[in-house]
Amino acid sequence: MKILIIEDEKGLRESIEEYFTEAGNICEIASDYDTALTKINLYRYDCILLDITLPGGNGINILKSLKDNGHSDGVLIISAKNSLDDRLEGLDLGADDYLVKPFHLSELKSRVTAIIRRKSYNGSNVLIFNEISIDLLAKEVKVRKRNVKLTPKEYALLLYFIANKGKVVSKNAIAEHLWGDGVDITDDFNFIYSHIKNIRKKLMEAGSKDYIQAAYGMGYKFTEQ
Amino acid sequence: MKLLARYNRVNLITTIVIMLVTGFAYYQAISSVLTRQKDKDLEDEEMEISEYVALNHSLPQTFETKHQQITFSEAKPNSIKRKFVDTVYFKKWDKHNPKRNKYHATGEYEPGLGLISSVTVAGKYYKVQIIQSKVETEDLLQVIFYITIGVIILLLVILFATNRLILNRLWKPFYGLMQELKVFNIADPATIPKINTSIDEFKDLNAVVTDMTAKAKTDYLALKTFTENASHELLTPIAVINSKLDTLIQTDNFSEWQSKLLSDLYSGVSRLNRLNQSLLLLVKIENRILQDQQLINLRELVEDIIAQFEEIFHDKELKLTYKLDEKAIYANRYLIEILLSNLITNAIRHNYVGGEIVINLTGGNFTIQNTGENAPLPGEKIFTRFHKSSGSEGSGLGLTISRQICENFNLVLNYRYSAPYHNFIITFPVQA
């Protein structure tokens with residue numbers, strides 16, 4: 001997939017680029033308004049990560065220009081402004097999602113993956129990873145045709161892992177993804193451990209391989225190796 | 001004590017004292033003038049007797065007038081010393097006076113003033129006693145006394161009434177201003193209106209109050225803007241740290257020690273972020289930015305949040321019991337969610353493993369009880385910014401935010417300790 005990262009903050013831009021660059025992905029970057037506008041007029045992307053506050057102009061105008069020209073690139077707004085109005089304006093103008101800074105790269109990846117998946121919808125809403133197949137509409141998980149009964153949180157976690165396959169996902173990122181703001185209840189994430197344990201058990205009992213690895217006590221990695 | 005009462009008290013006491021003093025002085029002056037007049041009358045009478053005796057060498061015929069009696073009696077020579085005396089005057093009633101029958105007497109005694117003197121007639125020494133009734137003098141004084149008292153009472157009533165009327169009217173602008181100050185809200189853009197008065201002091205007061213509140217508002221706004229800007233500016237560096245950490249853990253081969261350091265870094269950044277978000281949220285709530293209201297079914301919302309925290313209840317082995325009645329309120333859904341999840345989060349965070357949480361929703365209030373430390377929290381203090389129990393991992397803003405949200409929607413948030421439970425109670429406004 002082809003992704004355009006429009007972000008003026010160098011540190012953040014480089015991290016995103018690095019995280020997204022992998023086999024099969026092409027990342028392009030734009031660090032100011034004019035560059036961004038030029039790029040979206042010349043090329044098409046699967047997903048555009050759009051920062052609202054840019055040197056030289058407002059990111060919202062880039063979104064407008066995109067929609068005015070009838071381009072259907074996926075757009076994910078990344079903004080420091082967590083205001084409902086901005087969010088609504090962005091979504092009203094045709095953005096696909098809105099993510100507030102600061103965020104975990106894994107969260108960004110999972111959102112971008114979801115956008116691209118929706119954009120490239122081709123009649124089937126089934127996500128396949130080796131022997132695991134996930135019906136995204138019915139929210140059903142099957143391993144080699146055998147149903148795996150997951151709780152809503154386990155299901156969300158599995159999708160999150162698959163979107164970030166091959167990456168180490170920190171416990172913090174998992175906790176924030178699953179529990180949102182309520183996560184500051186406890187600082188040790190034991191409850192995540194039991195969650196992961198349950199998913200592994202359920203998948204493996206259904207005949208799947210063990211894809212989830214613990215990574216140095218900091219997080220987990222969903223990987224084929 | 002009200003100014004009016006105080007003023008009235010001082011005013012009335014001074015008035016009464018002055019009136020009494022003048023009354024007394026008046027009485028004394030008139031009384032002494034009248035007594036002197038009487039004395040002079042008596043002396044005139046004495047002189048007339050002396051002249052009569054000198055001319056006729058006999059005692060004058062004693063006759064009675066209405067207010068004067070003269071008596072002569074023989075006495076030892078030179079035994080009488082001339083003097084004025086207070087005495088009684090026997091007043092005879094005339095034949096038609098009904099009192100004669102009523103009291104079976106021929107007259108009555110009245111206070112009198114007398115002059116005892118002497119006269120020598122044809123070698124005989126006589127004591128002369130001239131007595132005049134004082135009753136008219138006394139009557140006069142009595143009248144004066146009554147008039148004085150009457151004037152005092154009249155004055156008091158009038159003073160009281162006018163003071164009340166005038167003061168109430170005069171102080172009206174003051175009370176108006178007071179009312180404005182009472183409802184003054186620093187976060188509210190409305191300013192103190194100009195009061196309509198012609199009194200300089202109140203005009204000055206109004207001007208001072210207006211200036212002061214305007215300055216307070218500007219300062220407050222500047223502070224708020226600063227907080228908001230600072231928090232916003234912090235977001236980007238936090239985002240960079242976060243993304244760098246996410247990138248860092250993708251690299252391989254960490255020692256256990258390095259992993260531990262990274263985990264701590266993650267928690268630190270995560271707390272920094274939550275704190276910052278809380279500050280931003282607080283500014284937003286205080287600015288009343290999130291004001292769009294809708295009807296919220298509280299029962300469903302509480303159930304949703306409880307479901308959201310299910311794993312965490314489970315993880316901490318908390319025993320949760322709840323009883324939820326149907327209740328809906330008009331408020332901002334996002335804020336009410338934050339409010340409820342803050343309270344539930346607190347109940348979990350400050351609980352011990354195996355503890356208990358009881359949630360109740362009725363038409364009148366929402367109560368959440370939790371076990372925890374066996375001592376009450378310090379009342380109102382817990383709602384202040386950055387008040388934290390020792391060892392708490394929270395931002396110290398949760399309850400401040402919760403209370404602020406409640407205030408925005410006319411809800412009342414209170415804390416009560418009834419062993420072994422800490423109770424947080426949200427009271428809904430009484431529906432009109």
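A short reminder: the numbers here are calculations on the coordinates, not readings from a lab. The shown structure was predicted, so the numbers you read here are calculated from the model rather than taken from an experiment. Because the Cβ atoms are built from the backbone with ideal geometry, glycine has one as well, and the counts that use them run over all protein chains shown.
The table below gives the values:
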quantity: Cβ-based charge dipole, the range B:200-286, positive-most Cα from B:Thr227, B:Leu205, B:Ser263; calculated: B:Ser263
quantity: For chain B, built as a Gaussian network whose Cα springs stay under 10 Å, the top-fluctuating residue of B:Gly379, B:Gly355, B:Gly107; calculated: B:Gly107
quantity: Cβ-derived FRET efficiency at R0 60 Å, B:Lys194 paired with B:Tyr146, nearest 0.05; calculated: 0.70
quantity: Rough spin-label spacing in nm, given labels placed 7 Å along Cα→Cβ, for B:Leu156 and A:Lys145; calculated: 11.1
quantity: Overall form of the range A:2-119 per C-alpha gyration tensor (a/c, 1.5; a/b vs b/c); calculated: rounded
quantity: Shielding by partners, peptide A:4-10 (average Cβ within 10 angstrom, other chains); calculated: 1
quantity: Prolate/oblate/rounded label for chain A (Cα gyration tensor, a/c 1.5); calculated: prolate
quantity: Partner aspartates and glutamates for A:Lys221 [C-alpha distance under 13 Å; skip if fewer than 8 residues away on the same chain]; calculated: A:Asp210, B:Asp246, B:Asp252
quantity: Within the range B:251-362: Cβ-based charge dipole about Cα centre, in debye rounded to nearest 20 (Lys, Arg +1; Asp, Glu -1); calculated: 440
quantity: Relative contact order computed over the range A:126-225 (Cα-Cα under 8 Å; 6+ residues apart), in percent; calculated: 29
quantity: Residues of type aspartates and glutamates that B:Lys76 reaches as a straight line, Cα spacing below 20 Å, ignoring anything fewer than 8 places off in the same chain; calculated: B:Glu46
quantity: Anchor B:Lys182: lysines whose Cα lies under 30 Å away (excluding residues fewer than 8 positions away in-chain); calculated: B:Lys2, B:Lys172, B:Lys194, B:Lys203, B:Lys215, B:Lys217, B:Lys224, B:Lys284, B:Lys381
quantity: Shape call, the protein assembly as shown: gyration tensor on alpha carbons, a/c limit 1.5; calculated: prolate
quantity: Number of partner chain Cβ atoms within 10 Å, mean per residue of A:207-220; calculated: 3
quantity: Nearest-20 debye value, the range B:1-118 charge dipole, Cβ charges on Lys, Arg, Asp, Glu; calculated: 960
quantity: Charge-dipole axis of the range B:29-108 as Lys and Arg at +1 and Asp and Glu at -1 on Cβ define it, positive-most pick from B:Ile70, B:Ile49, B:Tyr103; calculated: B:Tyr103
quantity: Computed log₁₀ I(q)/I(0) - Debye formula, equal Cα scatterers, no solvent, the range B:294-427, q 0.14, 0.17, 0.20 Å⁻¹; calculated: -0.59, -0.90, -1.29
quantity: GNM result for chain B, Cα springs below 10 Å: residue of B:Leu411, B:Leu262, B:Leu167 fluctuating most strongly; calculated: B:Leu262
quantity: Pairs from A:Lys2/A:Lys197; A:Lys149/B:Lys323; A:Lys197/B:Lys260; A:Lys149/A:Lys209; A:Lys142/B:Lys316; A:Lys142/A:Lys165 whose Cα-Cα separation, in the structure shown, is over 24 Å; calculated: A:Lys2/A:Lys197; A:Lys149/B:Lys323; A:Lys142/B:Lys316
quantity: Part-to-part distance (alpha-carbon centres) for the range B:355-432 and the range A:95-129, which is given in Å; calculated: 38
quantity: Trypsin sites (Lys or Arg not before Pro) within the range B:71-158, DSSP loop, no more than 13 other Cβ atoms inside 10 Å; calculated: B:Lys81, B:Arg82, B:Lys95
quantity: Selection from A:Phe161, A:Tyr193, A:Ile128, by position along the positive dipole direction of the range A:126-222 (Cβ); calculated: A:Ile128
quantity: Cα-centre dipole for the range B:294-427 with unit charges at Cβ (Lys and Arg positive, Asp and Glu negative), debye to 20; calculated: 460
quantity: Within a Gaussian network of chain A (alpha carbon springs, distance under 10 Å), most fluctuating of A:Tyr155, A:Tyr19, A:Tyr121; calculated: A:Tyr121
